[in-house]
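*Asks:* Have a look at this one before I ask anything.
Rule-based calculations on the coordinates, nothing more; no lab input. Because the structure is a prediction, the values reported are computed rather than measured. Ideal geometry is used to build each Cβ from the backbone, glycine not excepted, and the neighbour counts take in all protein chains shown.
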Amino acid sequence: MAFITNQKGEGSKKLGERLGELMGHADRLDMLVGFFFFSGVKVLYDALKARAGMRMRVLVGMEAEMAMGNLVESLRKEGDNSANAIKDRFFESMRKIVGSSEVDTKAFHDRLDLFVEMLESQRLELRKTRDPNHAKLYVFTMDEESKTVREKIWITGSSNFSEPGLNLRDELNVEIADFGAEDAQKYSDDMWEKAVPLTATEEDRIKLVKLLRDASVAADVT
């Protein structure tokens, strides 16, 4: 068991760095996070690009809205919670992210292209929890070579999938390889099965890709 705090100093490690290292030896990554921010893609862009065969299942627990000019997680306490409404609100959140000032425009198109490629090739699957969920869980299924040492490694703690959570802000995360992996995987699988699919059909993937492309173009124009 090891702590990952993002703090500076000898022996300390950033979560983004550690996730990137593990991606280099994994076939699959299951994530449960509050929100899937594009700044997290920025941090892990090189690792994601290098590991073309790795699949990602991302379960998103929260929604996003603009507050004081910043994109933040929001807790929806009432309203339509049908599967279609949840899907529509998530897609709108993604549109806000791409069109917001929070998105760093430098090299953003490259990151967006990778995100789109992962969606189109079904390397990346997205689902949304029906109820708000602020848990953070990263479960790695290791590749055949690495399975001789560990079949799975999991990380849980406070870091969201964002640049501050992965690199910049003091956090407390725990990496565990010696116990609990099967329980962590089962929890992830159970949550996944109960969640609302966002990219399960070709129609939804095309809709999300078009939304992201259109929002990116609109942001460039403005």
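*Asks:* Relative to the Cα centre, what is the charge dipole magnitude of the chain, using +1 at the beta carbon of each Lys and Arg, -1 at the beta carbon of each Asp and Glu, and rounding to the nearest 20 debye?
*Replies:* On the way: 33 positive and 40 negative charges, 52 e Å.
Approximately 240 debye in magnitude.
*Asks:* I would also like to ask the following. Highest mean first, how do 180-187, 119-126 rank when packing is the count of other Cβ atoms within 10 Å averaged over residues?
*Replies:* Result, highest mean first: 119-126, 180-187.
*Asks:* Let me ask something else about it. Using only Cα atoms, find the angle between the long axis of helix 83-99 and the longest principal axis of the chain, and express it within 0 to 90 degrees, rounded to the nearest 10.
*Replies:* 90 degrees
*Asks:* Right, next: Net charge within 12 Å of Glu21 by Cβ-Cβ distance, Lys/Arg positive one each and Asp/Glu negative one each, not counting Glu21 itself?
*Replies:* +1
*Asks:* Same structure, new question: What length, rounded to one decimal in nm, is gained on full extension from Ala83 through to Gln7, with 0.36 nm per residue of separation minus their alpha-carbon distance?
*Replies:* Stretched out fully, the Ala83 to Gln7 stretch lengthens by 23.4 nm.
*Asks:* Tell me what the chain gives for mean residue ellipticity at 222 nm when only DSSP H runs of n ≥ 4 count, each as -39,500 (n - 2.57), the sum divided by the residue total, rounded to 500 deg cm²/dmol.
*Replies:* -12000 deg cm²/dmol
*Asks:* Separate question: Sorted by average packing, counted as other Cβ atoms within 10 angstrom per residue and highest first, what order do 207-213, 137-143 take?
*Replies:* Averaged packing, sorted descending, gives the order 137-143, 207-213.
*Asks:* For the chain, calculate the relative contact order in percent as a whole number, restricting contacts to Cα pairs under 8 Å that are 6 or more residues apart.
*Replies:* 31 percent
*Asks:* Another question, then. Using only Cα atoms, find the angle between the long axis of helix 181-194 and the longest principal axis of the chain, and express it within 0 to 90 degrees, rounded to the nearest 10.
*Replies:* The two axes meet at around 20 degrees.
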